[in-house]
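Chemist: This is the structure I want to talk about, given as structure tokens.
We did not get these values from a lab; they are worked out from the coordinates using the rules stated. In this text, all values refer to a predicted model and were calculated from it rather than measured experimentally. Cβ sites come from the backbone with ideal geometry, for glycine too, and all protein chains shown count toward neighbours.
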Amino acid sequence: MKISEAVTLLDKLAPPQLQESYDNSGFLVGNRENECTGILVSLDVTEAIIDEAAEKNCNLVVAHHPIIFKGLKRLTGDGFVQRTVMKAIKNDIAVYAIHTNLDNVLHGVNGMLAGLLGLSNTRVLDEKQGGLKKLVTFVPTDHLEKVRSALFASGGGFIGNYDECSFNLEGTGTFRALEDGNPYVGEIGERHYEKEVRIEMIFPAYAERNLVKALLESHPYEEVAYYISTLDNTVRSIGSGIVGDLEEEISEEELLFMIKNVLGAEVIRHTELLGQKVKRVALCGGSGFFLLPAAKRAGAQAFITADVKYHEFFEADGEILLADAGHYETEQYTVELLASYLQKNFPTFAVLKSELKTNPVRYLY
Ligand SMILES: [Zn+2]
């Protein structure tokens, strides 16, 4: 198997186009045409992780956090980022990062956390605005199935828990082929009437190039009529954070202990208990404080995230229990998620989870 096959599969789990503008997810280091000897999955990429990959004969490291994030201007071994990248290159180890794009899909890290806490009725906490487009095209009836299937296969008609969504309306198209034309039906210089079906479907904006390619390849006409428009709708399954309901109401203290246990967190920093029962919980692994207003709007009694600063705790303002359970702690299951996804799709291939705990934070009691 080539490294590129693993990259294609990971791109499917969380398309890189869904990453935030400040992010640097995707294929970062290496040659994707190389044969893949094994995959090591980790949360971070450090020199120790590259050593571990080399020891275990894995020439692809798949990590959540991008080792190259702000851009590199030189490679002289100055600082851990440069040293790690240089070590990867020296050992011919490729590096792939799947960061905010994985945070932005419902089945990502937050979906996994929600599952571990037993949340139901889950939905994205802050749906991404835009990102949806609509295709309208006209297809002669004898090619209807072929074109529709090609569009579905390339990302068209996907809405939440449904795929293959389209609207189809029969009608009559007209055209006249000019002298240099090579019409699929009809005669040069004569107006032709053809039974056609108008197909409409929505699709994620990032799929546009593939979708149009599939349309042009599957459609029999020399000139394919189609229009694409941008929609203002939000995409319900794409965005950051997650919110859901516990099976039964519990006390705030019980919730905090449950999270501490599930995450193996040594400490949880949180705002004053409000003395109310918790049923709805909002979550965002990693630095999710920016979602506090969305958590309040969603009616959650608690919001669990990480990297909350002193002044930010004030903003809970007695309306919600805000808890910081640690960045590593809230994201550690990403390794499990990525490894099991890769293993499921490459059942006979070596997919290993890193045995190193890359958390750079220690606690003193
Ligand atoms: Zn993170």
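Chemist: Multiplying the sequence separation of GLU254 and HIS107 by 0.36 nm and subtracting their Cα-Cα distance, what value in nm do you get?
Modeler: Using 0.36 nm per residue and subtracting the Cα-Cα distance, I get 50.3 nm.
Chemist: OK, next. How many nm is it between the label spots at MET1 and TYR365, if each spot is 7 Å from the Cα in line with the beta carbon?
Modeler: Result: 4.1 nm between the two label points.
Chemist: If the viscosity is 0.692 mPa s and the temperature 37 °C, what translational diffusion coefficient in µm²/s does Stokes-Einstein give for region 251-365 when Rh comes from Kirkwood over Cα pairs? Walk me through the numbers before you get to the answer.
Modeler: On the way: Rh = 15.4 Å.
The calculation lands on 213 µm²/s.
Chemist: Region 132-233: D in µm²/s via Stokes-Einstein (Kirkwood Rh, Cα pairs, 20 °C, 1.002 mPa s)?
Modeler: Numbers: Rh = 14.2 Å.
D, rounded to a whole number, is 151 µm²/s.
Chemist: What does a probe at LYS357 reach in region 252-273, counting residues whose amide N is under 15 Å from the point 7 Å along Cα→Cβ?
Modeler: 260-268
Chemist: Further, regarding this structure: Over all directions, what mean area does the Cα convex hull of the chain project, stated in square nanometres? Please report the intermediate quantities before stating the final value.
Modeler: Values: hull surface 93.6 nm².
For the chain, the mean projected area of the Cα convex hull comes to 23.4 nm².
Chemist: So how do 276-283, 160-167 stack up, highest first, on mean other-Cβ count within 10 Å?
Modeler: 276-283, 160-167
Chemist: Would you kindly state how much longer the chain becomes between TYR226 and GLU315 on full extension, computed as 0.36 nm times their sequence separation minus their alpha carbon distance, in nm to one decimal?
Modeler: Taking 0.36 nm per residue and subtracting the Cα distance, the gain is 27.1 nm.
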